[in-house]
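The structure appears below as structure tokens.
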């Protein structure tokens with residue numbers, strides 16, 4: 001009897017991830033996928049990954065393959081080479097699926113054959129500072145290529161792929177030192193793949209002090225490399241080539257934020273100079289505030305004061321440092337209120353609002369008039 005084709009293949013690349021991979025596998029099982037297979041690609045680990053995963057491996061629904069260390073993209077590609085599911089989802093060994101919406105994502109993709117990828121929301125968490133630390137949320141709807149040409153809006157494990165997308169040879173670029181998921185998504189969409197984002201929850205992304213995503217110079221330079229690859233692609237529509245400057249500015253804004261989390265004023269000044277070269281106007285630095293606020297929860301950051309100080313050192317000389325510092329501090333406190341509200345932490349809302357009211361009363365009144373009036377009686 002021919003074995004039934006799995007509905008979905010989960011590909012987990014791992015390198016020295018024994019500490020977390022069992023949780024990653026359990027998160028898949030907790031999501032209760034139908035007719036699934038888990039493929040674990042061990043990319044030359046030197047820890048006890050094999051011992052940890054052996055309790056799950058059965059040769060059928062969960063398989064293990066060891067290879068010499070070749071990097072993340074090569075490990076994912078090795079998983080694709082043996083995956084047999086109708087759909088594919090990539091999950092890094094230190095990340096998690098959120099139980100609840102996986103099967104609805106699968107059902108949606110199967111019911112909508114004109115689409116090749118369906119994406120979902122997620123959250124970012126860290127074992128170092130408590131979890132969760134930030135929601136990763138986007139408005140639902142079809143994802144335009146113009147958006148992906150500028151930046152990568154989705155972590156790789158928020159994407160559920162139709163298997164046929166890879167049957168024509170689409171693979172991760174193994175020469176890249178980062179941002180390989182953005183490169184793959186952009187190439188797929190330039191070739192005509194359609195992507196739908198749904199208001200579902202699927203992915204939990206762990207931020208680690210030693211992870212690739214916190215190595216700022218390496219990551220941002222990888223982003224710039226992918227921008228070059230996107231805009232060198234002869235299939236890219238001509239009307240989207242004008243977005244290259246915006247993409248470089250977006251990458252540089254990541255560089256500023258990452259350097260600030262590391263307390264690296266030289267790096268923040270370098271990336272700020274690139275950002276301002278791509279943007280017009282003396283107040284262009286203000287547009288960085290959402291990115292600065294979003295990045296501030298990185299576990300590598302030693303203190304909020306150092307974070308703000310590093311950002312201020314990156315600004316051009318003509319910027320009023322006192323005014324800028326107050327603006328950044330108010331934005332961060334406002335974000336504290338918003339985050340506490342998002343996660344249903346009422347005491348946190350009140351405590352953060354009190355700090356905001358104490359240090360920036362006008363800002364507090366402008367953004368939280370009802371809450372402030374209630375607190376003041």
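The values are calculated or read from the model by the stated rules, or taken from the named source; none is laboratory data. Predicted, not measured: the structure shown is a model, and the values here were computed from it. As a convention, Cβ positions derive from the backbone with ideal geometry for all residues, glycine included, and neighbour counts pool all protein chains shown.
Observations
- Restricting the stretch 146-157 to residues that are crowded, with 20+ Cβ neighbours inside 10 Å and in contact with a strand residue (DSSP E or B) (Cβ under 9 Å, 6 or more places away or on another chain), the residue that is nearest to residue 124 (Cα to Cα): 155
- Selected residue (criterion: surrounded by the most Cβ atoms within 10 Å (Cβ to Cβ)) from residues of the stretch 1-20 that are part of a loop (DSSP other than H, G, I, E, B) and touching a helix residue (DSSP H, G or I) at 6+ places or on another chain (Cβ under 8 Å): 17
- Of all positions in the stretch 53-73, at least one carries a residue that is assigned by TED's automatic domain parsing to the domain that holds residue 171, surrounded by 15 or more Cβ atoms within 10 Å (Cβ to Cβ), modelled with pLDDT of 95 or more and within 19 Å of residue 117 (Cβ to Cβ).
- Number of positions in the stretch 197-207 that are at pLDDT 95 or above and either over 23 Å from residue 111 (Cα atoms) or surrounded by fewer than 20 Cβ atoms within 10 Å (Cβ to Cβ) (or both): 1
- Contact map, the stretch 189-205: residues that are free of Cβ contacts under 8 Å to residues at least 60 places away in the same chain and in the same structural domain as residue 30 (by TED's automatic domain parsing) paired with residues that are part of a strand (DSSP E or B) and crowded, with 21+ Cβ neighbours inside 10 Å, Cβ distance under 7 Å, separation 6+ or inter-chain. Pairs shown: 189/195.
Results for (1) surrounded by 20 or more Cβ atoms within 10 Å (Cβ to Cβ); (2) touching a residue at least 60 places away in the same chain (Cβ under 8 Å); (3) touching a helix residue (DSSP H, G or I) at 6+ places or on another chain (Cβ under 9 Å); (4) closer than 25 Å to residue 325 by Cβ, shown as yes or no for each residue.
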| site | (1), (2), (3), (4) |
| --- | --- |
| 234 | no, no, no, no |
| 265 | no, no, yes, yes |
| 285 | yes, no, yes, yes |
| 291 | no, no, yes, yes |
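- Test result for residue 87, surrounded by fewer than 17 Cβ atoms within 10 Å (Cβ to Cβ) and in contact with a strand residue (DSSP E or B) (Cβ under 6 Å, 6 or more places away or on another chain): no
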